[in-house]
């Protein structure tokens, strides 16, 4: 896994253990192809990258890709402590430590933990996480989302149909790539 574009292009990223401790879902980092598709779609939407939130961050690859492409700041939210350590190491390897903070907490606490809106929210929950849709609904209706400005990107299994809306955010497009799909909301 590597950063595919921007100032850190080509830098290799580490992955957390595929079987996290404490019964958490296995880590499935976004592929280079999927990250390329996401950021190509975001470029076509003229998405703002000033403040980014990477929730269910795993290795941090999505947020680090945003930083490499010019994001000013990224908050990473990940519940597994080993994955949080890997994100910190990946930030060190790419030189983005001063432009990010890693928050080791459950996704459910994100909306109550932060207060300022983000321009881009990246979410790659475990495909089998039954709580993720309600977490994302709550997040989309929180102060972290600025209606008309914030873009929400959700990576999900290709077999599941994307919701027409997540909170006040409407589905702009959805694309499948192998076993994965990405849905973009604004």
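If the condition is being under 16 Å from the mean Cα position of the chain (by Cα), in a loop (DSSP other than H, G, I, E, B) and in contact (Cβ under 8 Å) with a residue 60 or more places away in the chain, then region 148-186 contributes only 186.
Screening region 29-98 for helices (runs of 4 or more DSSP H) wholly inside it with 1 or more residues that are touching a strand residue (DSSP E or B) at 6+ places or on another chain (Cβ under 9 Å) and within 21 Å of residue 110 (Cα to Cα) returns the ranges 61-68, 81-94.
Looking at residue 128, is it in a strand (DSSP E or B) and under 17 Å from the mean Cα position of the chain (by Cα)? Write out each step before concluding.
Numbers: in a strand (DSSP E or B): no; under 17 Å from the mean Cα position of the chain (by Cα): yes.
Answer is no for this residue.
Filter region 70-81 down to the residues that are surrounded by 17 or more Cβ atoms within 10 Å (Cβ to Cβ) and either in contact (Cβ under 8 Å) with a residue 60 or more places away in the chain or closer than 20 Å to residue 35 by Cβ (or both) and list them by number. Hits for region 70-81 are 71, 73, 74, 75, 76, 77, 78, 80. When residue 108 is tested against (1) assigned to a helix (DSSP H, G or I); (2) touching a helix residue (DSSP H, G or I) at 6+ places or on another chain (Cβ under 7 Å); (3) touching a residue at least 40 places away in the same chain (Cβ under 8 Å); (4) surrounded by fewer than 18 Cβ atoms within 10 Å (Cβ to Cβ), only condition (3) is not met. For first residues located in region 85-98 and on the phi > 0 side of the Ramachandran plot, partners that are surrounded by 23 or more Cβ atoms within 10 Å (Cβ to Cβ) and lie 6+ apart or on another chain with Cβ distances below 9 Å do not occur.
Candidates in region 113-133 are the residues that are closer than 14 Å to residue 75 by Cα and out of contact with any helix residue (DSSP H, G or I) (no Cβ under 8 Å at 6 or more places or on another chain); of these, the one that is surrounded by the most Cβ atoms within 10 Å (Cβ to Cβ) is 118.
For region 134-141, indicate whether the set of residues that are over 21 Å from residue 78 (Cβ atoms), part of a strand (DSSP E or B) and over 16 Å from the mean Cα position of the chain (by Cα) is non-empty. Checked region 134-141: no residue is over 21 Å from residue 78 (Cβ atoms), part of a strand (DSSP E or B) and over 16 Å from the mean Cα position of the chain (by Cα). A single entry from 158, 100 fulfils the requirement of being closer than 20 Å to residue 58 by Cβ and buried (at least 18 other Cβ atoms within 10 Å of the Cβ): 100.
No value in this document is a laboratory result; all are computed from the given coordinates. Values in this document were obtained by computation on a predicted structure and should not be read as measured data. Please note: Cβ atoms are built from the backbone with ideal geometry, for glycine as well, and neighbour counts cover all protein chains shown.
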